[in-house]
1. What is the distance in Å between the Cα centroid of segment 148-163 and that of segment 226-261?
2. In which sequence would 100, 223 go, from the one with the fewest C-beta neighbours within 10 Å to the one with the most?
3. How much length is gained if the chain between residue 242 and residue 261 is pulled fully straight, taking 0.36 nm per residue apart and subtracting their Cα-Cα distance, in nm to one decimal?
4. Would you mind checking the radius of gyration and Dmax of segment 171-225 based on alpha-carbon positions, in Å?
5. Using a 7 Å offset from the Cα along the Cα-to-Cβ direction at both residue 98 and residue 191, what is the distance between the two label points in nm, to one decimal?
6. If the elastic network links every pair of Cα atoms under 10 Å, which of 252, 87, 227 fluctuates the most in the Gaussian network model of the chain?
7. In straight Cα distance, which aspartates and glutamates are under 16 Å from residue 94, not counting same-chain residues fewer than 8 positions off?
8. Report P(r) for segment 123-250: all Cα-Cα distances, bin width 5 Å, range 0 to the bin holding the largest distance, values in whole percent.
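Since every read-out is calculated from the coordinates, none of them should be taken as a lab result. On a predicted model such as this, the values are computed, not experimentally measured, just so you know. Don't worry about glycine lacking a Cβ; one is built from the backbone with ideal geometry, like all the others, and counts go over all protein chains shown.
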Amino acid sequence: MLGIEYPIFQGGMAWVSEAKLAAAVSNAGGLGIISAMNANADYVRKQIRDCKQMTDKPFGVNIMLLSPFVEEIVQLVCEEKVKVVTTGAGNPAKYIPMWREAGIAVIPVVPSVAIAERVERAGATAVIAEGGESGGHIGELNTMALVPQVVDALSIPVIAAGGIADGRGMAAALMLGADGVQCGTRFLCATECQVHEVYKQKVVSAGDTDTMVTGRSGGHPVRALKTPFTRKFAKLEADPSTTQEDLNNFGTGALRRGSQEGDEAMGCFMAGQSAGLVKRIEPAADIIKDYMEGCCKLLQNSPLLIQD
Ligand code: TUI
């Protein structure tokens, strides 16, 4: 459907998913995705063109629908004839007809059956059902419960995301009825990923309980590594005298400080619960190989789980 060899998407992560990482994943047979995050069209155009220089394979652009530049990015992906668009943090229904007319495969991230049904009706090509194990902005449901319910409700393909960091998670997702997986946290630790080394090391050394969710009070829950920044944010959030504006001011710049400066005190390091499964920094191609080998071995051996 997308012209890729393996059903593995690299998630579009703000301040993480740049052209070099996306190209490496696409060259390895997965689907690399550039994050448009809160950036303007000039930045995203350069990322797309850089990526085209580094790969002739399909890649995608993730559009964060809360971005102040969303309208110009919506146009840009048509002009640049991007093959795949994924969306996050909102309902992209009104843009879907235009993207489909431009020949773009449209694959929104959905946190619930209701939103999945809405985007299918609006003409989505497929959906990514993302559970709350994920890093970044999350919904209410977890992957194990969300994916099969979305699979049952829709007739378009479903990609599973949230907590999938190796071949075991991938095999499980396929058993839930998914047609593929989207992975963020593991690809953050790819050699080709341009984030600060401190960020990668923090993910590699994280354990199972080292992430937390903040931002529920403002309606935008976000999962990130537990750090002085996230603890302070949680404290502010719990204080009734804190306004939403105070929280916004406190949060401004934190993603950049984490991903570009490696600022361990005041940076925000988004990561999923699967951070505890990420053991090393390695090339994107080795990550894809590990998912595929692990998954195929488990599926081949699965008849052994049944006793006559
Ligand atoms: O979008 C993500 N992950 C993200 S976006 C992001 S940037 C950000 N930072 C602070 C606050 C908010 C965003 C960091 N990580 N994942 C996909 C995703 N989409 N998760 C949840 C949703 C979602 C939520 C509501 C999708 C649709 C939706 O629809 C609500 C509606 O409008 O009906």
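1. Their Cα centres are 33 Å away from one another.
2. Ordered by Cβ neighbours within 10 Å, fewest first: 100, 223.
3. Contour length minus Cα-Cα distance gives 4.1 nm.
4. Expressed in Å, the Cα Rg and Dmax of segment 171-225 come to 14.4, 36.
5. Between residue 98 and residue 191, the label points sit 4.1 nm apart.
6. So, out of 252, 87, 227, the one fluctuating most is 252.
7. Partners within reach: 71, 72, 117, 120.
8. Per 5 Å bin, starting at zero, the Cα-Cα P(r) for segment 123-250 comes out as 2, 10, 17, 17, 17, 15, 11, 8, 3, 0 percent.
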